[in-house]
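The values are calculated or read from the model by the stated rules, or taken from the named source; none is laboratory data. Everything numeric in this text was worked out from a predicted model, so none of it was measured. Backbone-built Cβ (ideal geometry, glycine too); neighbour counts: all protein chains shown.
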Amino acid sequence: MANRLRPLHLVAKVSLQQLELLDQQGKHIKQYPISTSRFGLGCEEGSFRTPTGRFRIAEKIGDGEPAWMIFKGRSSTGILAQQGGDEDLILSRIFWLDGLDPENSNTHERYIYFHGTNQEELIGTPASHGCIRLRNLDMIELFDLVSVGDLVEITE
């Protein structure tokens with residue numbers, strides 16, 4: 001689907017811990033459970049909070065890597081994670097976001113991503129350190145559907 005003509009739109013609804021994939025006309029395509037920050041919402045540097053507002057996908061990282069691949073510094077480590085553990089690992093695929101609003105313009109510098117997780121059992125509850133987590137197979141599916149430049153909205 002990488003050669004599609006129209007951009008897609010992602011809407012992350014924090015209160016529902018759900019992500020909705022919409023076409024450009026706003027028609028529902030698919031929905032995914034997510035996990036946002038356990039520290040709440042906010043755009044402050046170092047807050048570990050999930051920012052709100054309008055964003056775009058600035059970079060897609062991890063194409064072709066296996067599910068559960070651990071990323072450090074946005075590079076594959078060559079090591080597959082296992083389910084669980086206390087560490088907030090970045091797995092499978094990454095969307096690195098750019099903030100489009102004045103209050104979230106620091107999003108890229110804060111390294112706010114959509115990514116797979118080793119804590120899939122916490123999906124559906126606020127549990128991350130600011131990023132938006134998805135189940136690994138959901139993240140891979142979504143990665144193949146969206147493109148760099150597609151719009152993202154994170155709402156309360």
Residue hits (region 25-59; of a type in the set (A, V, I, L, M, F, W, C) and either assigned to a strand (DSSP E or B) or within 22 Å of Leu137 (Cβ to Cβ) (or both)) are Ile29, Ile34, Leu41, Phe55, Ile57, Ala58
Residues of region 105-117 satisfying the condition of being surrounded by 20 or more Cβ atoms within 10 Å (Cβ to Cβ) and touching a strand residue (DSSP E or B) at 6+ places or on another chain (Cβ under 6 Å): Thr107, Ile112, Tyr113, Phe114, His115, Gly116, Thr117
By my count, strands (runs of 3 or more DSSP E) wholly in region 79-156 with at least 1 residues that are over 19 Å from Leu10 (Cα atoms) are 90-99
Cβ pairs under 8 Å, 6+ apart or interchain, first in region 68-95 and on the phi > 0 side of the Ramachandran plot and surrounded by 19 or more Cβ atoms within 10 Å (Cβ to Cβ), second charged (D, E, K, R) and outside any strand (DSSP E or B), ordered by first then second residue, are Ser92/Glu65
Single residue of region 19-67 satisfying the filter (under 13 Å from the mean Cα position of the chain (by Cα) and free of Cβ contacts under 8 Å to residues at least 60 places away in the same chain) that is nearest to Arg110 (Cα to Cα): Ile61
Ser47: passes all of (1) surrounded by fewer than 17 Cβ atoms within 10 Å (Cβ to Cβ); (2) at pLDDT below 95 but (2)
